[in-house]
Amino acid sequence: MSQIVLYWHPMSSATPVACALAELGVPHERVKVDITTGEQRRPDYLALNPNGKVPTMTVDGAPMFEALAIELWLGHTYGVKSGLWPAGGTPEHLQAMSWSTWAYVTYGAQLVRLQAAKDMGTPDDAHGTAAHKALDELLTVLDGRLSQRPWLLGEAYTLADLIVASVIGYSVYLGAPVAAHPTTNAWLQKVQARPAMQIDA
């Protein structure tokens, strides 16, 4: 098995990666990067991740960054054998890739808008209101998906649920109207209750 090192900080975008590693049971080393004191901008860290952010993960010394890229790699590499990620070439695999990207890109873009409005102290202005409305519409899409099956891909929990729920869960903190979508809210609570999701320390 590869030697894996996760560079992270608690309560950050690195948290879902740590949870995925725990869910998969992949042995790894965790190195805390104190983003509150600027450790992510040290030259040795920037050599691994030129963005100067967490997470970064090294695989036998080779670095990769961006949470979604790491999560997808973990799914492909370790999840198929354990049943936590669909095999390539299956319809479920296409859906896993689609929903994971939807969460980080489509839904995430509206989160950026909402965050910006909050940072400027204007969450109720036109930009904040538009972002809130767009998130509500996207949550309706997710609700429709989850109303047809217990988990995103079907009858079994997968890393796709972890990936998407991590973004949806963060959006609750920013004020997204998740509670107005009972099916999604119930699914989110099921994901968040899993033991692997309790490791952010």
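The values are calculated or read from the model by the stated rules, or taken from the named source; none is laboratory data. Just so it is clear, the structure is predicted and the values come from calculations on it, not from any experiment. Ideal geometry is used to build each Cβ from the backbone, glycine not excepted, and the neighbour counts take in all protein chains shown. When the accessible area is computed, the model is the full protein with side chains, heavy atoms only, and any ligands, DNA or RNA have been set aside. Shrake-Rupley method; radii C 1.70, N 1.55, O 1.52, S 1.80 Å.
Debye calculation, C-alpha points only, no solvent: report log10 I(q)/I(0) for region 52-120 at q = 0.14, 0.15 Å⁻¹, in the same order as the q values. Log-scaled intensity ratios, in q order: -0.57, -0.64. Comparing Ala130, Ala47, Ala186 in a Gaussian network model of the chain, where Cα atoms under 10 Å apart are tied by springs, the biggest mean-square fluctuation is seen for Ala47. Using log10 I(q)/I(0) by the Debye sum over Cα atoms at q = 0.08 Å⁻¹ as the read-out, say which of (1) -0.24; (2) -0.38; (3) -0.28 was calculated from these coordinates. Evaluating log10 I(q)/I(0) by the Debye sum over Cα atoms at q = 0.08 Å⁻¹ on these atoms matches (3).
Quick one: check the C-alpha center-to-center distance for region 127-166 versus region 75-103, whole angstrom. Comparing the Cα centres of region 127-166 and region 75-103, I get a distance of 16 Å. Under the convention that each Lys and Arg Cβ holds +1 and each Asp and Glu Cβ holds -1, the size of the dipole of the chain around its Cα centre is about 80 debye. Could you pull out every one of the lysines with an alpha carbon less than 21 Å from that of Lys133, ignoring same-chain neighbours closer than 8 positions? Leaving aside lysines fewer than 8 places away in the same chain, those within reach of Lys133 are Lys118. Close amide-amide hydrogen proximity is noted between Val31 and Leu6, Tyr7, Trp8, each under 5 Å apart and 5 or more residues distant or on a separate chain (H modeled in the peptide plane; Pro and chain starts excluded). Converting phi to 3J(HN,Hα) with the Karplus coefficients 6.51, -1.76 and 1.60 and the offset θ = phi - 60°, region 160-168 yields 4, 5, 4, 5, 5, 5, 5, 6, 5 Hz in sequence order, with x at every glycine or proline. For Lys53, give me every one of the aspartates and glutamates with a C-alpha distance below 12 angstrom, ignoring sequence neighbours fewer than eight places off in its own chain. The qualifying aspartates and glutamates are Asp34, Glu39, Glu66. Rolling a 1.4 Å probe across the protein heavy atoms gives the chain an accessible surface of 48 Å² per residue.
Using a probe of 1.4 angstrom, how much of the accessible area of the chain is carbon and sulfur, in percent?
Carbon and sulfur atoms account for 58 percent of the accessible area of the chain.
From its DSSP helices (H runs of at least four residues, each -39,500 (n - 2.57)), the chain gives a residue-normalised ellipticity at 222 nm of -14000 deg cm²/dmol.
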